[in-house]
Structure formats: structure tokens, C-alpha cells
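Please treat every number below as a calculation from the coordinates, not as lab data. Because the structure is predicted, anything quoted here is derived from the model rather than measured. Reconstructed Cβ throughout: ideal geometry from the backbone, glycine too, with neighbour counts over all protein chains shown.
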Amino acid sequence: MKVIARDLAARYFVGEVKYPAFFPTVYGRDRPSTEGVVVNVYRIWTDRESRKIVKKSVGEYLDYGGFVLPESGWRQIDKYGDDDVANEDLVEIQEKMEFPVVAPLPSAKPDDAIINAEVARSITDKPLFLEIPTSWTEKEIFAFVEATKGWAWGYGTRAGRSEFIELLVKTVPRSKRVVVFGIHHPAVIPVIVSLGVDVVTSGAHGRYADKELYITESSIRPLGELKELPCGCKICDGRTPEDLGTKGDLLAEHNLISFVEEVKKTRNAIVEGRLYEYAKRRSLTHPQIYKDFKKVVASEWITENLPFPKQSSIYLFEKECRPEIELGRSLAKKRGVRLEGLAYTYPFGQVYPPIVEARPSPELVVRSVIKYQYGVDVNTSQLRWETRKGIPRKIYMGDKYLGLIRHGDGFFVPSIEGAKWLKEMAPPPAFRIVLDSEGVEAVRLKRSPLTDHVLDVDPDLRPNMEVIVTDEDDEVVATGRSVLTAREVAEIPRTVAVKIRHRAV
Ligand SMILES: [Zn+2]
């Protein structure tokens with residue numbers, strides 16, 4: 001899992017497709033241009049032609065080259081009370097049709113669902129996609145995930161309460177995908193992606209089109225009520241509402257584009273470090289989405305995963321809960337640093353209008369910044385610094401260059417000498433990533449060490465921290481910028497654990 005960018009608890013990475021992703025549910029032979037689709041296996045099973053169908057691979061059946069995610073069809077089976085279909089039947093269809101991942105039937109009871117997963121495992125070698133009913137308790141989800149995570153590609157649930165989605169994302173190992181089925185409007189995408197959901201799916205584009213409903217940026221309108229098409233997509237450009245009314249597939253395609261564009265814009269917002277702003281703007285389309293947004297961004301889960309510092313400035317339009325500022329305040333409080341000394345430091349130095357108006361002395365800045373980042377109180381009488389416009393930049397101890405206070409975010413970036421000096425002030429694993437000998441060898445060969453070679457990390461590790469990389473004997477190997485949380489280092493194999501800045505080996 002190579003994470004390209006991240007913001008809030010969302011991660012932009014490339015796997016089978018670009019994640020976070022939108023997969024439309026397809027029926028029959030639609031061929032959307034998305035990188036992935038969802039297919040209901042129960043519908044294939046009930047198809048009278050199913051015997052002929054299962055002789056083909058799912059790619060041939062759909063005439064589609066992208067990634068196909070199976071949905072078991074549990075809800076339909078439940079609704080129609082079809083007792084004829086067994087878990088084995090559906091798993092066998094998927095195995096025969098060469099689905100890239102296989103979805104066994106879920107169950108209202110976690111124990112039965114575990115049995116279904118075990119049966120699937122005896123039929124196929126493919127990784128499993130496991131659906132979790134929204135009725136399960138936290139304990140049940142935990143027990144199920146523990147029993148199945150070794151075989152899982154990912155876990156999915158129906159769209160609904162944001163608390164339940166958060167619970168699921170928190171319980172599932174960070175190396176697995178989390179899928180949310182059946183969203184009703186694109187505007188919810190940035191909000192649930194902020195929680196760390198990797199795939200959202202919906203069949204609404206076609207269902208709405210059947211009822212002549214058109215997705216606008218903020219709502220769903222009967223096509224007949226529109227005087228013109230408020231959209232510049234390749235379908236709407238140069239057409240009138242009447243044009244779409246006579247051709248249902250054009251309307252379905254516009255609706256589909258609305259979902260696809262939304263996920264692209266969400267990915268862009270992650271890259272820009274502006275997911276908060278984007279999700280907020282989109283959530284203002286409906287009070288319920290806004291309520292969810294506010295709950296999501298105030299959650300501890302977001303704070304735990306938040307990249308910090310970020311390079312983007314923060315505009316405050318009203319009194320609001322910005323996770324960056326809340327985290328900055330709580331770190332300052334925990335480490336006993338007055339905000340005055342952090343007037344140039346992220347996030348306080350990047351907020352407009354400013355929330356800290358002080359002009360602290362260079363000495364106070366040096367002490368405060370190092371304490372804020374590393375929790376150690378340094379003796380500034382041993383240090384000297386070069387200042388620019390009254391703000392300390394390069395820090396020295398005698399002739400030794402210890403590092404610099406970065407212009408953009410006011411964070412201290414230690415040199416190798418600075419790392420050796422800092423680590424003496426706190427026992428491992430504080431602000432460290434500890435590597436085994438293979439990890440050290442990777443650094444020596446100018447490669448990025450992988451999570452498999454990490455022995456220990458600071459339990460409060462989060463993306464974008466200026467960390468010290470050490471070996472087993474606490475000797476400095478390098479300095480670098482972290483890219484994962486402590487939990488991700490433990491849970492995601494074979495992925496870059498730290499971006500190396502300076503090497504000592
Ligand atoms: Zn359009």
C-alpha cells in the first residue's frame with residue numbers, strides 16, 4: 001500500500017485502482033468508465049441464464065476490464081426470503097467466474113458469518129470481501145474482524161450513521177479496504193472519505209434515471225422542473241433537459257458522472273491538504289450531512305490520524321472546530337508549552353485571522369518549538385541561533401549545527417548532530433523509529449526502510465512528524481519525516497515507514 005497523500009483520516013493510495021474510489025453498482029451489461037464496479041452475485045444466481053453465464057469470467061460476462069467487487073446480495077435474499085440459495089452456491093459462482101475477491105454471505109449472527117467465511121476459504125484462495133450488518137455491536141464487529149482478518153481483502157457495510165462507519169474503520173486493520181455501500185448523493189463522499197473509507201458504491205445513478213431524476217450539485221431534481229442543465233459534463237454540455245428526458249441512458253450517465261467527479265475532487269482535496277474545507281463545503285448541502293461532518297471532524301479518530309504539520313494555511317470564517325488547531329492546542333497543553341512561544345509555528349502561525357498575536361523572543365521560540373515537538377526542555381544558554389526578521393532559523397551548539405526552524409511551518413528539523421543531541425534527552429521510543437539491521441542496511445543503500453523492519457515506534461507517531469531513526473542500540477541512523485501512524489506501522493506490511501531526510505550511515 002503506497003500512500004501518495006493523506007488528510008484527516010483519509011488516504012490516497014494506488015492498489016487495484018486509485019483509492020478512495022467510487023464503484024457504481026452495475027446490472028446486466030452496463031460498462032461504466034470507472035476503474036471498478038460492484039456486481040450483485042445473487043442477481044447472477046437468480047438469472048435464468050446463470051448456467052451459461054458462469055462459464056464465462058466476470059470480465060467477459062460484463063465485457064469490462066476493470067476491478068469487479070462482488071456484493072453477496074444478502075439484503076435481497078433477506079427481503080425475498082429465498083432459502084434456496086446457500087453460501088456455497090454464491091461462493092462457487094464467484095470462484096468459477098474468477099472474481100478478483102470473493103464475498104461470502106454475511107449473517108445476522110457473527111458466529112454464522114465466521115462459518116460462512118471459513119466455508120468460502122475452503123472453496124477459494126481469493127481474498128475475501130466481508131459485509132458487516134449495521135445491527136452488530138462493537139464487540140461483535142471486533143470478534144468477527146479478529147477471526148477473519150487473515151483472509152480479508154476488506155470489509156463493507158451499508159451507508160448509514162457516521163458513528164457506525166467510524167466504528168468499522170477503527171476496527172478493521174489499516175491494511176484492509178473499507179467499503180460503504182449504497183450512498184444516495186455525491187455530497188456525502190468527502191465526509192465519509194474523511195473517516196478513512198476507501199470505496200463508496202451506489203446504484204442510484206440508474207435508479208434515479210428510471211424516475212427521471214437528475215443529480216445536481218446539492219440535490220436530486222425531477223428533470224421536468226429544470227429550465228436548463230446546471231452542469232458542464234460531456235452529457236449536459238449543449239443539451240437541454242428535454243434531450244435527457246427522451247434518452248434515459250444519457251440521464252443515468254450524467255448521474256454517474258456526478259459521483260465520479262465527486263470522488264476525483266475529494267482525492268484532489270486530499271493531495272492539497274484541504275479535505276476539511278472541501279468536505280465542509282459539500283456538507284452544507286444538507287443539514288444531516290453537515291451534522292455528520294461536524295461529528296466526524298471532531299472525532300478522536302481524526303485527531304489520531306491527522307498529518308501534522310501540514311503545509312497549508314488555515315482560514316477561519318467563524319468559531320469552528322478545526323482538528324489541526326485542536327490537536328496543536330492539546331499537544332501544547334500536554335507538553336506544558338505556552339501558545340505565545342508558538343506564534344510562528346503550525347498551526348498557530350498559519351491561521352488567518354491569527355489566534356496568537358504575540359511576537360515572542362527568539363529564545364522563547366527555540367525552547368517552545370522543541371518542547372512542543374519533542375516534549376523536552378532544552379537549555380537555551382548552550383545554544384546560539386541565526387535569526388531572520390527576528391525569528392530564529394539555524395540553531396547551533398558551539399560549532400555544531402543542530403538543525404533549522406523551517407520557514408513554512410516553524411517546526412524544528414534536526415540535522416544528524418541535532419538528532420544525537422535530542423535523543424539523549426528522552427528514552428526510546430520517544431520521537432523515534434527503531435529499525436532492525438535490515439532496515440539500517442536499507443538506509444545505508446539510500447532506500448526507504450519498510451514497515452517490516454521497524455522494531456518500535458513512538459506510540460504517538462503520526463504522519464509528517466520530524467522523527468529520528470535509530471538502530472536497536474539507540475544509535476542515530478538517520479532523520480526523516482514519518483508517513484504513517486504508529487498503528488499503521490504495525491498493521492501495514494511492506495510499505496515505506498519513513499521518508500529519510502539525512503543519513504548517518
Ligand atoms: Zn452533467
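Cross-linked pairs K18/K291; K294/K334; K139/K333: Cα-Cα separations exceed 31 Å for K139/K333. Seen from T157, the other residues with C-beta closer than 14 Å to its C-beta sum to a net charge of -1, counting Lys and Arg as +1 and Asp and Glu as -1. Applying the criteria of a DSSP loop state and at most 12 other Cβ atoms within 10 Å to the trypsin sites (Lys or Arg not before Pro) of the stretch 439-505 yields K446, R447, R494. Charge tally around Y19: other residues with Cβ under 9 Å, Lys/Arg +1 each, Asp/Glu -1 each, net +2. Extension gain, D456 to D399, is 17.3 nm, computed as 0.36 nm per intervening residue step minus the present C-alpha separation.
Rounded to 0.05, the FRET efficiency of the E217 and R447 pair, given R0 = 56 Å and the Cβ-Cβ distance, is 0.80. Summary: within the chain, the longest segment free of GluC sites (Glu not before Pro) located in DSSP loops with at most 10 other C-beta atoms within 10 Å is 50-227. Placing dummy labels 7 Å off each Cα toward the beta-carbon, the span from K291 to D63 is 4.6 nm. Label-to-label distance for D474 and E424 is 1.3 nm, based on points extended 7 Å past Cα in the beta-carbon direction. Taking other residues whose beta carbon is less than 13 angstrom from the beta carbon of K126, and scoring Lys, Arg as +1 and Asp, Glu as -1, yields -3.
Of the trypsin sites (Lys or Arg not before Pro) found in the stretch 363-443, the ones in coil according to DSSP and having at most 10 other Cβ atoms within 10 Å of their Cβ are K389. For a Förster distance of 56 Å, can you work out the FRET efficiency between the beta-carbons of E318 and D112, rounded to the nearest 0.05? The calculated FRET efficiency here is 0.70.
Roughly how far apart, in whole Å, are the Cα centres of the stretch 11-51 and the stretch 288-354? Between the Cα centres of the stretch 11-51 and the stretch 288-354 lies a distance of 38 Å. Sparsely packed loop sites in the stretch 9-111 (the chymotrypsin sites (Phe, Trp or Tyr not before Pro) outside DSSP H, G, I, E and B with at most 13 other Cβ atoms within 10 Å) comprise Y27. Pairs spanning more than 19 Å between alpha-carbon atoms, out of K170/K264; K2/K126; K126/K149; K170/K310; K295/K319: K170/K264; K2/K126; K170/K310. Say a paramagnetic label sat at a point 7 Å from the Cα of D377, along Cα to Cβ; which residues of the stretch 426-449 have their backbone N under 15 Å from it? Counting only backbone N, you get 426.
Straight-line reach from K176: taking Cα to Cα under 12 Å and skipping same-chain neighbours fewer than 8 places apart, the aspartates and glutamates in range are D198, E488, E491. Here A86 and S437 are evaluated by their C-beta separation; at R0 = 51 Å the FRET efficiency comes out at 0.50. Within straight-line reach of K211, meaning a Cα separation under 19 Å, sit the following aspartates and glutamates at least 8 residues removed in sequence or on another chain: D30, E225, E228, E242, D243, D249, E253.
Could you state the angle between the C-alpha long axis of helix 323-334 and the longest principal axis of the C-alpha atoms of the chain, as a value from 0 to 90 degrees rounded to the nearest 10? It is inclined by approximately 40 degrees.
Would you kindly state how much longer the chain becomes between T240 and K333 on full extension, computed as 0.36 nm times their sequence separation minus their alpha carbon distance, in nm to one decimal?
27.7 nm
Which aspartates and glutamates have a Cα lying under 17 Å from the Cα of K400, excluding residues fewer than 8 positions away in the same chain? Here the aspartates and glutamates satisfying the reach criterion relative to K400 are E386, E417, E424.
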